[in-house]
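Asker: Below you will find the structure I want to go over with you.
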Amino acid sequence: AVVLDIRAEADFAKGHITGARHLPLADIEKQQLAGLEKQKDVPIIVVCQAGMTASKAASSLVKQGFTTVSVLQGGMGSWTGASLPVVKSKR
């Protein structure tokens, strides 16, 4: 699966799921998918801070032809709350 983090660049840099790709919601809605369109049949897991914005991004991706799109329930708040691993961007 592709983990797609739609949070702000600064939040992504502070900590994200290992292997996650950063793609802001605005880019998804404008269909600027940075190569993701080649992976329409790959499972996509959309991540935001609390799980609300990710639902919007997920429905936009489905409308654009992605077949298997899921939302990480509770977002990064739940992920870090469960002490699951995060990595920071080196910038």
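Asker: For the subset of the range 1-38 comprising residues that are among the hydrophobic types (A, V, I, L, M, F, W, C), assigned to a loop (DSSP other than H, G, I, E, B) and in contact (Cβ under 8 Å) with a residue 24 or more places away in the chain, which member is surrounded by the fewest Cβ atoms within 10 Å (Cβ to Cβ)?
Answerer: Applying the filter and picking the extreme gives 1.
Asker: Sticking with this one: Among (1) of a type in the set (D, E, K, R); (2) in a helix (DSSP H, G or I); (3) open to solvent by 70 Å² or more (accessible area, probe 1.4 Å), which single condition is residue 41 missing?
Answerer: Failing condition for residue 41: (2).
Asker: Looking at 80, 67, which one is farther than 17 Å from residue 21 by Cα, over 14 Å from the mean Cα position of the chain (by Cα) and part of a helix (DSSP H, G or I)?
Answerer: Every option except 80 fails the conditions.
The values are calculated or read from the model by the stated rules, or taken from the named source; none is laboratory data. All values derive from a computational prediction rather than experimental measurement. Please note: Cβ atoms are built from the backbone with ideal geometry, for glycine as well, and neighbour counts cover all protein chains shown. The protein model used for the area step is the full one, side chains on, heavy atoms only, and it has no ligands, DNA or RNA in it. Shrake-Rupley method; radii C 1.70, N 1.55, O 1.52, S 1.80 Å.
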